[in-house]
1. With every protein chain in place, what's the accessible area of Ile147 (1.4 Å probe, Å², nearest 10)?
2. Can you give the charge dipole size of the chain about its Cα centre, rounded to the nearest 20 debye, using +1 on the beta carbon of Lys and Arg and -1 on the beta carbon of Asp and Glu?
3. What FRET efficiency, computed as 1/(1 + (r/R0)^6) with R0 = 35 Å and r the Cβ-Cβ distance, is obtained for Thr159 and Asp602, rounded to the nearest 0.05?
4. FRET efficiency for Glu459 and Glu41, Cβ-Cβ distance as r, R0 = 51 Å, nearest 0.05?
5. From Cα pairs below 8 angstrom and at least 6 apart in sequence, can you work out the relative contact order of the stretch 145-192, rounded to a whole percent?
6. Give the separation of the Cα centroids, the stretch 446-524 to the stretch 76-140, in Å.
7. Work out, step by step, the length gained on full extension between Ser27 and Asp566: first 0.36 nm times the residue separation, then minus their alpha carbon distance; give nm to one decimal.
8. Looking at the chain from every direction and averaging, what is the projected area of its Cα convex hull in nm²?
Amino acid sequence: MAPPNDPINSILNVMKTHKEDNFFELSNGKLFVKKVPLLFEVPSNVSFSSFSSICQTSSAPLPLFHRAHSTSSKGGFLGFNKDDPSHHLMNSLGKFTDRDFLSIFRFKTWWSTQWVGNSGSDLQMETQWILLDVPEIKSYVIIIPIIEGKFRSALHPGTNGHVLICAESGSSQVKASSFGAIAYVHVSDNPYTLMKEAYTSLRVYLNTFKLLEEKSVPSLVDKFGWCTWDAFYLTVEPAGVWHGVKEFSQGGVSPRFLIIDDGWQSINFDHQEPHEDAKNLVLGGTQMTARLHRLDEGEKFRKYKGGALLGSNPPLFDLNKPKILISKAIEIEHAEKARDKAIQSGVTDLSLFEIKIEKLKKELDEMFGGDQENSLQLMCKDGEELEFNSENSGMKAFTRDLRTHFKGLDDIYVWHALCGAWGGVRPGTTHLNSKIIASKLSQGLDGTMDDLAVIKIVEGGIGLVHPDQAGDFYDSMHSYLSEVGITGVKVDVIHTLEYVSEEYGGRVELAKKYYDGLSISLAKNFNGSGLISSMQQCNDFFLLGTKQISIGRVGDDFWFQDPNGDPNGVYWLQGVHMIHCAYNSMWMGQIIQPDWDMFQSDHVCAKFHAGSRAICGGPVYVSDSLGGHDFDLLTKLVYPDGTIPKCQYFALPTRDCIFKNPLFDGKTILKIWNFNKYGGVIGAFNCQGAGWDPKEKRIKGYSNCYMPMKGSVHVNDIEWDQLIEASEMGKAEEYVVYLNQAEKLFLTKSTSDTIPMPLEPSTFEIFSFVPIKQLSPIAKFAPIGLTNMFNSGGAIQGVQYEEANGDGANYASAKVEVKGRGSFLAYTNVLPNKCYLNGTEVEFEWSSQDGKLIINLPWIEEDNGISNVTFIF
């Protein structure tokens, strides 16, 4: 957005907002919006201040400052005061009943999801924002708890419809009694515009984060990748990674990025020798009390010998071994759970349980070869000394060998926790000043789901590097990684800081130190954008930690089965994941590029996941086990060169889904919309069958809802005005609609009836809406794309039309640039005279019945898969 011609006077003019001009008013115990009462019984200690009265200056970029103040009459701040200062304050903001709302709340420390209701008492603990429907004025209002001073806030449910705000510092030593701007309210007649305006205003006011539009995103956003987690868990090592990348390459979908997940670091437990790696770890959970004892790779990777896997006869690797190890580790886990259940039942003689557990652990050790030396024999020989950080050993040699053999592998990321490892950094083992801090959960987290990670972190505490050394900590780790060929990091377990902030000025101050250090290191070592944030879904992170970070997870982990043992969880958990991602993107997408996480291509619901990833607008990556691939499915998502037909925006729920429950209301189908260059797209997903249970405080199955659903789709479900480049497409007189799964094509208009949409459980349909071009008085045309790709329209790179002008030029043409191979589909109402593919006339198919125009396209490597198709009319 260009600055105004007279920026100073322009800003002064928009700041001249009088009290009567603001859409909000607080009087007589009621908060009004455009004269409509929104909150009732507002306590007398609650205040309202207009945006312009609070935010008079900012160091934000001038265009953003101007944009925020141009909508200042639509927003303002809520505050409250108490008689006595405290580190944890709760206050009502008023009550509402019989008004539909959508909210986002934390169901775990790390993860958030949507919740709907119609009363303040329906809210869940740790609500991050609430969106209220105000049909009286055909508008929507959002209330966002924010940061003020050293305090952060969240919304909680109250009694009799009251909405409570909780302000907490995270340290009993940091107290306050008065807040002038602890929550922000904003109104708009468009819920998507509302999100943009509200978070722009907060960005300008707080100046502690940046919007997505201000930042660069990593290049992996439009590529295909592989993450090692579900393939190996903690057993990840070079030979396994190598064979994994090799399998994809041989299957025709070469990864362009690789994420080496948890298991590569130098970690150990407090009872071990200080500089000895922990051995024989397999499943997630077993490592959660371990700490870093050095900042480089663990022994498994450190002993890699350059060229070991490049020769004509590379060392043999048992592709089944990771699965066998994981299977045995699961046996141990089940035996330990049985023992723990016995303890809870009052059993005192546990000897049989302990004997079984020890037997299984011994069997696991034997499978590893005693101390994992079997895998290391593929690398350095026993007793062979290799120089630390040698050019021909360790992670540097391994990443070099990967790139030498797999030419298209652009990025290699590695995992680490925000505090280093799950348990932080072990004191006395590095040059850093770390201290084991006991972990304590805030009161708001009492309403969240039981979580193994939380249990383990509370059990072991965190080896916290002193916040004054946060910058040194990240730079020491990241500069080394950058030197050895790592181009980015996946930073996980981000919201542990709130557990250990007591001694460090509270959670806001501690977070600032850590996020500033992380941002500086990201800018220096990973091109400013090479970081995927994860386990970060809380307002502390988004309002304090995203000045540099530009991509992050918007859903919980992909769970291939229910960890609590429900056999149907293999199905219903997948719909839950999509709901997390779609609704979280409404706010997170203003600040970071939404990442919908990995999935497994051979999972029973893999196609269901693939359909959502195809139009999510972010990267596509999987976590397949060795030998566990569905390449037919992957080729519907990925081009042969490892890039993807990515949408132009990030997917969001349609307006008619906002205040509904697509998980277990027994009637609502999730619909998400997005844009391609030359059309819009709607994905419809039957996610019914599971969701949050407020009483049990967990996500569980609702089997009565896992059934076929009926819904409808309309071209007006696409919010065409949300992207400047798409706005003209929303004005088309007529559209062609293509249903990817049903392979149907028909015409529609903005005034047409809705399109019926029946869906079986865990199934989907993708609707492509493409404006129809009138090429001549009789010829109409619309390019749809590659029907063998889930996001058909994403394959279209460019379109040029030459219209018949009636001045002797009695022909018209449509030239379409397409990336990919397969069946290209367009619509036309008349038979074309000719078709040219890359300048050569070719045959084509046309159906007079429905107007389908089809030509088969090859993949031409030297042209990067681009084909130029011309139809002459």
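The values are calculated or read from the model by the stated rules, or taken from the named source; none is laboratory data. All figures in this text were calculated on a predicted structure; none of them were measured in a lab. Backbone-built Cβ (ideal geometry, glycine too); neighbour counts: all protein chains shown. Only protein heavy atoms, including side chains, enter the accessible area calculation; ligands, DNA and RNA are left aside. Shrake-Rupley method; radii C 1.70, N 1.55, O 1.52, S 1.80 Å.
1. Its heavy atoms expose roughly 10 Å² to the probe.
2. With Lys and Arg at +1 and Asp and Glu at -1, about 1400 debye.
3. Efficiency computed from Cβ-Cβ geometry: 0.10.
4. Efficiency for this residue pair is about 0.75.
5. Normalised by residue count, the contact order of the stretch 145-192 is 37 percent.
6. Cα centroid of the stretch 446-524 versus Cα centroid of the stretch 76-140: 28 Å apart.
7. Here the answer is 188.9 nm.
8. 39.7
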